[in-house]
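Shown next, in structure tokens, is the structure this report addresses.
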């Protein structure tokens, strides 16, 4: 089909200059497109004060050219609008910086449409979705339009019911405590904001925009949701050489998260680590939110650590948490630790049987990153404090602990990112035992060192990565880590460094990560022979 050309003429030379300044669309596919353009052009003139603007019938000049003549007539510089103070929200008037009294306001033509739209939106967000706003009794006075603002307000509505479609077993407790929409005054903006929160969940996502059903006596919201794969497996195999024999040693890590398998939003986590030096860690963690359809949840964990034939430590934790909103959570709880000395003799006096009991309190903030599936987390903050006692050899010692984890992903542009993480822990006590010290090191801590090969009474680790996206499913990154730690049992302090690079590739099997890192202390040189290669696979199922 041949394109059609539209020529818009002004009734005089000055009007022609104004018309040409609009840069209206001249080339069109059909007559309907031309008529739509004329209508849009007239509305554009209305918004700048030409309320009397009109155009003539379309005239065919030749087979491909059509013409219309616009008459702009007088331009009005302002509108003086009378209104009912009882129906007007003064915050809307103030937001537009209008000149107003208790009975009328003065507004420019450019601000008229945004102002009326803001009024309608304000009513929609305060329980009046069917409110109508329009100008009546319009008159002209020199270059000013006079009018009355007519506002029709219907009785306020409440959102009575929320129905989930698509994922029928979506946890009802999340509708009440996570979305928090029912039994509230109808608020269109809040509905839009709250339903988007579903995409922050690991186990569900919206299929399309929600829909509303208004009846005479009730308002029902329909949310269209689908269940997504949320179980998670993360594991790696590490390689390094034995300093004494030169033989290759393997170490491993497994993190299994089972999420929402019972359709209640529950999480069950199993973590296992083996550093290749006869150190083993096992953790089982269960988290159940919104118990009895309330904002309160419970968290129970069992953490077992064994070092060679030296000692074992069993850590049992129980917490109850309150979900303030989608991102913020606070918790309180108790922790019991029991450690046993496995040595046949008592030659190592720094290792002893002991029992500890702590009360805990903490705060968690988590925000997911929905823009890039390859980087699922945007910001995380975990802060916890503990106060308690340790008993050994009939002695009782007061102790306290503090732990902090915080990380954030900065998006420089759609390919370049900077990731920074800080993990800090401290144990405060009058005396210390080897088997109660804090353990760190490895791919989840400072890279370039073996898993849990380092111990201290206080440490702080900073992990940094510059990430560059190669494609939608792959990226490379740098590794620059730093740790400061002190050991009050041996009266030592040290600084550790980790350097390297990594590669991440997402496939149908999951996210494959390959990291190469080498560690050094502040008084030693880098030895490539002691470098570590970590291979991990994170997959959802």
Do you know which residues across the stretch 341-378 are closer than 18 Å to residue 410 by Cβ and at pLDDT 95 or above?
365
Take the stretch 286-299 and flag every residue that is closer than 10 Å to residue 320 by Cβ and not in a helix (DSSP H, G or I).
296, 297, 298, 299
Please work out if residue 125 is surrounded by 13 or more Cβ atoms within 10 Å (Cβ to Cβ) and more than 16 Å from residue 89 (Cα to Cα).
no
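Take residue 138 and tell me if it is assigned to a strand (DSSP E or B) and without any contact (Cβ under 8 Å) to a residue 12 or more places away in the chain.
On the way: assigned to a strand (DSSP E or B): yes; without any contact (Cβ under 8 Å) to a residue 12 or more places away in the chain: yes.
Against the criterion (assigned to a strand (DSSP E or B) and without any contact (Cβ under 8 Å) to a residue 12 or more places away in the chain), residue 138 qualifies.
Evaluate the following for residue 532: is it in contact (Cβ under 8 Å) with a residue 60 or more places away in the chain and under 24 Å from the mean Cα position of the chain (by Cα)? Can you show your working first?
On the way: in contact (Cβ under 8 Å) with a residue 60 or more places away in the chain: yes; under 24 Å from the mean Cα position of the chain (by Cα): no.
Taking the combined requirement at face value, the residue does not satisfy it.
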Tell me, please, whether a residue that is closer than 29 Å to residue 229 by Cα, buried (at least 16 other Cβ atoms within 10 Å of the Cβ), modelled with pLDDT of 95 or more and within 25 Å of the chain's Cα centre (by Cα) can be found in the stretch 477-493.
yes
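How about the stretch 335-444: which strands (runs of 3 or more DSSP E) wholly inside it have at least 1 residues that are touching a helix residue (DSSP H, G or I) at 6+ places or on another chain (Cβ under 9 Å)? Steps first, answer last, please.
Working: elements: 354-368, 377-392, 395-411, 416-429, 438-440.
Ranges flagged: 354-368, 377-392, 395-411, 416-429.
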Yes or no: residue 433 within 29 Å of residue 354 (Cα to Cα) and either at pLDDT 95 or above or under 28 Å from the mean Cα position of the chain (by Cα) (or both)?
no
Pick from the stretch 195-225, criterion in contact with a helix residue (DSSP H, G or I) (Cβ under 6 Å, 6 or more places away or on another chain) and closer than 15 Å to residue 368 by Cα, ranking: surrounded by the most Cβ atoms within 10 Å (Cβ to Cβ)
204
For residues that are farther than 30 Å from residue 154 by Cβ and without any contact (Cβ under 8 Å) to a residue 24 or more places away in the chain, tally how many sit in the stretch 64-95.
1
Among the listed residues 470, 496, which satisfies the condition of being in a strand (DSSP E or B), within 30 Å of residue 230 (Cβ to Cβ) and assigned by TED's automatic domain parsing to the domain that holds residue 441?
470
Return the residues of the stretch 346-370 that are in contact (Cβ under 8 Å) with a residue 40 or more places away in the chain and either within 27 Å of residue 508 (Cα to Cα) or out of contact with any strand residue (DSSP E or B) (no Cβ under 9 Å at 6 or more places or on another chain) (or both); say none if nothing qualifies.
350, 367, 368, 369, 370
Restricting attention to the stretch 503-510, does a residue exist that is out of contact with any strand residue (DSSP E or B) (no Cβ under 6 Å at 6 or more places or on another chain), assigned to a strand (DSSP E or B) and buried (at least 16 other Cβ atoms within 10 Å of the Cβ)?
yes
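Tell me, which residue of the stretch 272-285 that is modelled with pLDDT under 90 and assigned to a strand (DSSP E or B) is farthest from residue 538 (Cα to Cα)?
The initial filter retains those residues of the stretch 272-285 that are modelled with pLDDT under 90, namely 272-281.
Checking the rest, the ones that are also assigned to a strand (DSSP E or B) come to 272-274, 279-281.
On the way: 272: 15, 273: 15, 274: 18, 279: 23, 280: 21, 281: 19 Å.
Restricting to residues being modelled with pLDDT under 90 and assigned to a strand (DSSP E or B), the top hit is 279.
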When (1) at positive phi; (2) touching a strand residue (DSSP E or B) at 6+ places or on another chain (Cβ under 6 Å) are applied to residue 491, the one that fails is (2)
Please state which one of 329, 323 is more than 21 Å from residue 386 (Cβ to Cβ), surrounded by 15 or more Cβ atoms within 10 Å (Cβ to Cβ) and under 23 Å from the mean Cα position of the chain (by Cα).
323
Taking the stretch 141-172 and keeping residues surrounded by 14 or more Cβ atoms within 10 Å (Cβ to Cβ) and without any contact (Cβ under 8 Å) to a residue 60 or more places away in the chain leaves 150
Selection over the stretch 1-11 where residues are more than 50 Å from the chain's Cα centre (by Cα) and surrounded by fewer than 11 Cβ atoms within 10 Å (Cβ to Cβ) yields a count of 0
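The values are calculated or read from the model by the stated rules, or taken from the named source; none is laboratory data. Here the structure is a predicted model, which means the values were calculated and not measured. With ideal geometry, Cβ positions are generated from the backbone for all residues, glycine too; neighbour counts draw on all protein chains shown.
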